[in-house]
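Visitor: First the structure, which I've put down as structure tokens, then a few questions once you've had a look.
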Amino acid sequence: MTKPAIDKPVRRKAVFTPYAVLWSMLGALGLGYLGVAIFEPGWLGDLTPAGTHAERTAEMEATVTKLAGDVDSIRSSMAKLELDVSSVKSDVAAQGQQTQTLGSQITALEDKVRLAETPVASAAAPAAQTNGVALASAMAAGASDSESDAAAHPATTIINAPSEKSQIVTGSVDKRPAKPKAKASAAHSDAINFGPAVVKRENRPLGLQLASNSTIEGLRQTWGQLAKQHHDKLRKLKARYTINANPANPSFNLVAGPLRSKAEATKLCKDLQAQAVSCSVGDFTGNAL
């Protein structure tokens, strides 16, 4: 007879097999790595290879270099913007100066027109007064001549003169009292006729208005620079300054001259404007600089 299977002894499996031990060690190492990575990540930097540090350092240097280049480009852009702003300010100042120059020229022209109209009226009034005086003097001269003739030739009184029909007219009658009319007409003809008044404008020397400044010393420095840079064009000209009578913001204008004709002044002004010099044609007036 055979024994039942229950009676056979059961063999238990071993718990600590080599595979279990190996996997347990790997799991412990993984848990330890995770713990270090979570709680002490600085320890992992010491475990990385040297090549990785070098690559990171190179990447950081490249990033810093790129940032430095960007900063330099931003600085250059800012410098360019500052130059553009300064050029715009200078253009605005030049336009303001040109506007001020045009305003002063318009004011000068208005003053000239006003002065030209005033002598015409004043010259017409003396002419009328002179003609009236001459006419009155001529009439007075005629009257005096007639009185002198009457005194020189007194009238003869006839007593018991006959009637008007029986009066005898002879050639001894003096007809000289008619002479005062001729003398009066001669006096009228001798009156001075001044004719219409003619106003002649005074020819003032021309000059170039080159710059303006808040002080006379600034104008001297500007004139020295212009005379040095444009010696061939300005060597024969003299410098003067005019005062802009503005109580709020007084300034002084630089005027160079004199010039013989307006054509010469316009040509010289255009040549200076072609070399970026602010210039306008006006009168050569003011005080010596």
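Coordinate-derived values only; no laboratory data. Keep in mind the model is a prediction, meaning the values are calculated, not measured. Cβ atoms come from the backbone with ideal geometry, glycine included; neighbour counts cover every protein chain shown.
Visitor: Can you work out ³J(HN,Hα) from phi for every residue in the range 104-115, in order, using Karplus 6.51 cos²θ - 1.76 cosθ + 1.60 and θ = phi - 60°, giving whole Hz and x for Gly and Pro?
Guide: 5, 5, 5, 4, 5, 5, 4, 5, 5, 5, 5, 5
Visitor: Please compute one quarter of the surface area of the Cα convex hull for the range 202-288 and express it in square nanometres.
Guide: Numbers: hull surface 23.4 nm².
Spelled out: convex hull of the Cα atoms, projected over all directions, averaged, 5.8 nm².
Visitor: Multiplying the sequence separation of Q98 and K270 by 0.36 nm and subtracting their Cα-Cα distance, what value in nm do you get? Walk me through the numbers before you get to the answer.
Guide: On the way: separation 172, 0.36 × 172 = 61.92 nm, distance 1.44 nm.
Full extension from Q98 to K270 adds 60.5 nm.
Visitor: Mind checking the full-extension length gain between V21 and E110? Use 0.36 nm per residue of separation minus the Cα-Cα distance, one decimal, nm. Don't skip to the end; give the middle numbers.
Guide: Numbers: separation 89, 0.36 × 89 = 32.04 nm, distance 11.52 nm.
Here the answer is 20.5 nm.
Visitor: Considering amide H positions built from the backbone, and no H for Pro or chain starts, which residues 5 or more places from K238, or on another chain, come under 5 Å of its amide H?
Guide: G257
Visitor: Simple spin-label model, 7 Å along Cα-to-Cβ: L29 to R235 in nm?
Guide: For L29 paired with R235, the spin-label model returns 9.6 nm.
Visitor: In nm, give the distance between the simple-model label positions of V71 and E117, each being 7 Å from the Cα along the Cα-to-Cβ direction.
Guide: Modelled inter-label distance: 7.0 nm.
Visitor: Once you charge only the Cβ atoms, +1 for Lys and Arg and -1 for Asp and Glu, what is the size of the charge dipole of the range 202-288 about its Cα centre, to the nearest 20 debye?
Guide: Numbers: 12 positive and 6 negative charges, 56 e Å.
My answer is approximately 260 debye.
Visitor: Moving on. Taking 7 Å along the Cα-to-C-beta vector as the label spot, tell me the E55-L289 distance in nanometres, rounded to one decimal.
Guide: Distance between label points: 7.2 nm.
Visitor: Next question, about the same structure. Once you've got the Cα coordinates, tell me which of K80/K238; K89/K236; K236/K270; K236/K262 are over 27 Å apart.
Guide: Listed pairs above 27 Å: K80/K238; K89/K236.
Visitor: Ordered by residue, what ³J(HN,Hα) values in Hz, to whole numbers, does the range 226-241 give under the Karplus form 6.51 cos²θ - 1.76 cosθ + 1.60, where θ = phi - 60° and Gly and Pro are x?
Guide: 5, 5, 6, 6, 10, 5, 5, 9, 10, 5, 8, 9, 10, 9, 9, 9
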